[in-house]
Amino acid sequence: MVLDKKVFTMAILKDLDIEKRQVKWVISTGSLDRDYDRLSPTGCIYENYEKNPVVLVDHQWTTESIVARNIKIEVEGNEIIATSQFPPLGEIPLSDEIFKKIINKMINAVSVGFQTQEYEKNQEGGFNITLWELLEYSFVAIPANPEALRKNKKEVDEVDEAKVQALIDAATTPLQEKITELETKITNIEATLE
């Protein structure tokens, strides 16, 4: 059997910085997934990924599904830790929606998409994937790994709703002012044409 591309989910939220719009995740740990496979964190090849560090939604390999970019990836012991950087509020509606769902604990998992390089059968009936290339990681609703649950930190549990609203207002107020300005210009043009 030749293993080609596979997705694997293992996400533990390590840190959330609402002002910087950054999320730090443990994206893989080497634990057994529901398909009885294990990814070796030390076998992760991510040099090519760093040249195109896309963070997607649901493994949809389209430009429309890019919601963030990865700004840091590292292997620490038995964990692969990645930091997602979301664009400024108001620039990409889908990014804003995903970030809001992370803040509200509606999205708790990411899944890595990868290509297998080396593997061996394991005693559980799956494979120990010892060398693999990271292609992308995605925000997903249903994790393949039963341990792929968000680990809530104090900063996440104590989201300051007023602060979040202030950030939203700061992003939307200039847009509303521009809309009002354009509406006034349209009214003036219409009046001139009458």
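Which pairs do you get when a residue that is under 12 Å from Tyr36 (Cβ atoms) and in a loop (DSSP other than H, G, I, E, B), found in segment 118-131, comes within reach of a residue that is modelled with pLDDT under 95 and among the aromatic types (Phe, Trp, Tyr), reach meaning Cβ atoms under 8 angstrom, with the pair 6+ apart or on two chains?
Every condition considered, the pairs that remain are Asn122/Tyr36; Glu124/Tyr36; Gly125/Tyr36; Gly126/Tyr36.
Can you tell me how many residues in segment 129-143 are open to solvent by less than 50 Å² (accessible area, probe 1.4 Å) and of a type in the set (S, T, N, Q)?
Residues flagged as open to solvent by less than 50 Å² (accessible area, probe 1.4 Å) and of a type in the set (S, T, N, Q) within segment 129-143 amount to 1.
Which one of these does Leu13 not meet: (1) in contact with an Asp or Glu (Cβ under 9 Å, 6 or more places away or on another chain); (2) open to solvent by less than 20 Å² (accessible area, probe 1.4 Å); (3) of a type in the set (A, V, I, L, M, F, W, C)?
(1)
Could you tell me which numbered condition Gly90 fails, if it satisfies all but one of (1) more than 16 Å from Phe139 (Cβ to Cβ); (2) in a loop (DSSP other than H, G, I, E, B); (3) open to solvent by 70 Å² or more (accessible area, probe 1.4 Å)?
(3)
Checking Gly113 against (1) assigned to a loop (DSSP other than H, G, I, E, B); (2) modelled with pLDDT of 85 or more; (3) touching a Phe, Trp or Tyr at 6+ places or on another chain (Cβ under 9 Å), which test does it fail?
Failed condition: (1).
Among the residues of segment 43-62, what is the count of those that are of a type in the set (S, T, N, Q) and at pLDDT below 95?
Initial filter on segment 43-62 (of a type in the set (S, T, N, Q)): 48, 52, 60, 62.
From the residues that got through so far, the ones that are at pLDDT below 95 too are 60, 62.
Qualifying residue count, segment 43-62: 2.
Across segment 69-87, what is the total count of residues that are of a type outside the set (A, V, I, L, M, F, W, C), touching a residue at least 60 places away in the same chain (Cβ under 8 Å) and assigned to a loop (DSSP other than H, G, I, E, B)?
Total meeting the criteria: 1.
The values are calculated or read from the model by the stated rules, or taken from the named source; none is laboratory data. All values reported here derive from a predicted model rather than from experimental measurement. Ideal geometry is used to build each Cβ from the backbone, glycine not excepted, and the neighbour counts take in all protein chains shown. To get the accessible areas, we keep the full protein, side chains included, count just its heavy atoms, and leave off ligands, DNA and RNA. Shrake-Rupley method; radii C 1.70, N 1.55, O 1.52, S 1.80 Å.
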